[in-house]
Amino acid sequence: MRAVAKKSFNDGAAPRLKGRHVLAAVVSFFAAVLAVNAAMIYAALSTYSGVTAAEPYRKGLNYNERVFASERQAQLDWKDALKIDPDGQVTLAITGSDGRPIRNLSVELSIGRPTTNHQDLNFSLVAQDAGGYGARIGPLPPGAWIAGVEARATEGDSEPIFRSRRRLWMAP
């Protein structure tokens with residue numbers, strides 16, 4: 001009788017996959033997912049405050065007044081043309097429905113980036129001889145900007161009679 005040696009499945013082959021190897025792989029996978037999630041949460045919370053509007057509750061209480069103000073402005077049928085030169089000269093023309101310039105307004109201009117408030121700028125525009133308004137604000141860095149115009153009948157008025165908001169692109 002000849003003895004036959006039993007050949008093991010793992011003789012001379014690569015090591016077998018064992019339970020501890022599977023456990024280490026699963027734990028490593030979830031540790032990597034948790035580390036990436038933690039990094040993303042930290043980046044999101046440290047770069048964005050979550051505030052989209054200053055005093056949203058107060059603005060919400062006055063929402064109907066804003067709607068009525070928008071309707072009054074639409075009835076005025078005023079148009080505006082805002083131009084910002086590359087050297088930083090701002091010119092604004094506000095014209096009535098007849099095409100003639102509207103004079104004697106107190107005009108405020110706010111310019112800022114759409115995604116952050118770190119570069120926000122506020123200016124008072126002064127009346128010019130041609131019937132428009134202007135100011136020198138200095139050159140703006142290239143990129144996207146949001147420009148908001150508020151015109152009041154007198155400087156002390158709380159609510160503007162004309163509002164305009166537009167997106168600008170300053171070329172490099």
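No value in this document is a laboratory result; all are computed from the given coordinates. Model, not experiment: these values are computed from the prediction. Here Cβ is always computed from backbone atoms with ideal geometry, including for glycine, and neighbour counts include all displayed protein chains.
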- Item | Cα-projected label distance for Lys83 with Asn104, points at 7 Å along beta-carbon direction, nm | 2.7
- Message: At 7 Å along Cα-to-Cβ for each site, give me the label-to-label distance between Glu155 and Thr52 in nm.
- Response: 3.6
- Output for the range 65-172: GluC sites (Glu not before Pro) sitting in coil per DSSP, at most 14 other Cβ within 10 Å, listed by number, reads Glu155
- Item | Spherically averaged projected area of the chain from its Cα convex hull (nm²) | 20.7
- For Val33 paired with Arg72, estimate the spin-label separation in nm (one decimal), with each label point 7 Å from Cα along the Cα-to-Cβ line. 5.7
- For Met170, Met40, what ranking results if the residue with the fewest other Cβ atoms within 10 Å of its Cβ goes first? Met40, Met170
- When a footprinting reagent is the concern and you count Cβ atoms within 10 Å, what order do Arg152, Arg166 take, fewest first? Arg166, Arg152
- Note on the structure: The set of residues whose placed amide H lies less than 5 Å from the amide H of Gln128, leaving out same-chain residues fewer than 5 positions away, is Tyr133, Gly134
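How about the range 30-123: which trypsin sites (Lys or Arg not before Pro) there lie in a loop by DSSP and see at most 14 other Cβ atoms within 10 Å? Kindly include the intermediate steps, with their values, before the conclusion.
Details: sites: Arg58, Lys59, Arg66, Arg72, Lys79, Lys83, Arg103; in loops: Arg103.
Here the trypsin sites (Lys or Arg not before Pro) that fit, given the DSSP loop and packing criteria, are Arg103.
As a test of the formula, what do you get for the chain when each DSSP H run with n ≥ 4 contributes -39,500 (n - 2.57) and the sum is divided by the residue count, at 222 nm and rounded to the nearest 500 deg cm²/dmol?
Values: 3 runs with 49 residues, N = 172.
Helix-only estimate at 222 nm: -9500 deg cm²/dmol.
For Val126 and Lys18, compute 0.36 nm times the residue count separating them, minus their Cα-Cα distance, and round to one decimal in nm. Don't jump to the answer; show the numbers that get you there.
Numbers: separation 108, 0.36 × 108 = 38.88 nm, distance 7.96 nm.
My answer for the length gained is 30.9 nm.
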- Task: Would you pull out the residues with amide H under 5 Å of Ile161's amide H, same chain only if 5 or more places away, H placed 1.01 Å from N?
- Result: Ala151, Arg152, Ala153
- Query: On a 0 to 90 degree scale, rounded to 10, what angle separates helix 63-76 from the longest Cα axis of the chain?
  - Reply: 50
- Report, ordered by chain and residue number, the aspartates and glutamates lying within cross-link reach of Lys59, taken as a straight Cα distance under 20 Å and ignoring same-chain residues fewer than 8 apart. Glu71, Glu108, Glu150, Asp157, Glu159
- Taking chymotrypsin sites (Phe, Trp or Tyr not before Pro) as exposed when in a DSSP loop with at most 13 other Cβ atoms inside 10 Å, the chain has its longest clean stretch at 49-172
- Inverse mean reciprocal Cα-Cα distance (Kirkwood Rh) of the range 77-170, Å: 13.6
